[in-house]
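Enquirer: Shown below is the structure under consideration.
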Amino acid sequence: MDIIYECAANYRELLNIKYHFVISLRRNTKDITIDFEENDFRHMSGLQHIDDIHIERDPAKVIEAIIQGKITDEILESSDEYKKIHPEGRSIKSRVDQLRYLQEYLDISDFIRIYEMQQFGSLIRADYFIEAKSSKRKSTVYVFIRKREQNDNYVVVSFFVKTNAYKGTAAYWMLKEKITDGTTTELYRHPNYKPEDKDEKNSEAQNTTCSETLENPNDQNDNNKNATDN
């Protein structure tokens, strides 16, 4: 099976899935819901940057073009832009290779962090980014999310293997849920989290040590590390 086909087919599975997070940041809790639309795939995969070969460019038609065999690994390999290694050490090809495991990375509960994005010094327009490490894939990835313009849900705006530093303010995971066709599966719950903790008063009391801006990249607490390469 072509990697790009597997990537598109796996992404289609996400169209019926949402992820709901409750995070603690600056002594307040915040709800984040990530959903997925077909139009998001082209930008998420980086295919919009390929301009040296002719492939489908309509975001609403890209996935179907891949499923129908109009965009294949062989076709993409004919693009220099697809294979080009950028200064930060990654390529569109490497992004696509790991994007097929996006659901797997978001399901991880043993090593996953979330940060509020620091806007200066980055061209990526995102509100938060998630760092997830998969021992199975032997990779750590960044998943950048931004609030949609049309509603309060969040969209994945960029995704790639971690190769360089991105700095942000660490948020503390309180709850992580996966919603598939309306059925909710709890992936993680902080031992001290209760639904009423979403009230601001209770949140302030609970989160005295749950949210802080990262200062020391050598901090040994996994939830309070700088989002930089080691």
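Enquirer: Can you check how the C-alpha radius of gyration of region 1-97 compares to 2.2 N^0.38 Å, as a plain ratio?
Expert: Working: Rg = 16.0 Å, N = 97, 2.2 N^0.38 = 12.5 Å.
Against the compact-globule rule of thumb, the ratio is 1.28.
Enquirer: Pairs of alpha-carbon atoms within less than 8 angstrom and 6+ residues apart define the contacts here; what relative contact order does region 3-224 have, in percent? Don't skip to the end; give the middle numbers.
Expert: Values: 409 pairs, mean separation 58.3, N = 222.
Result for region 3-224 is 26 percent.
Enquirer: Using the Cα atoms as the points, what is the convex hull volume per residue of region 3-224 in Å³? Intermediate values should be presented prior to the final figure.
Expert: Details: hull volume 30.4 nm³, N = 222.
Dividing the Cα hull volume of region 3-224 by its residue count gives 137 Å³.
Enquirer: Here's something else I'd like to know. When the Karplus curve 6.51 cos²θ - 1.76 cosθ + 1.60 is applied with θ = phi - 60°, which whole-Hz ³J(HN,Hα) does each residue of region 17-29 get, with x for Gly and Pro?
Expert: Calculated HN-Hα couplings, in order: 10, 10, 10, 10, 10, 10, 10, 10, 9, 6, 6, 10, 9 Hz.
Enquirer: Under the definition of Cα pairs under 8 Å and six or more residues apart, what whole-number percent is the relative contact order of region 1-112?
Expert: Details: 123 pairs, mean separation 35.5, N = 112.
So the answer I get is 32 percent.
Every read-out reported here was derived from the displayed coordinates using simple, explicitly stated rules and does not represent laboratory data. Keep in mind that what you see is a predicted model, and the values were worked out from it rather than measured.
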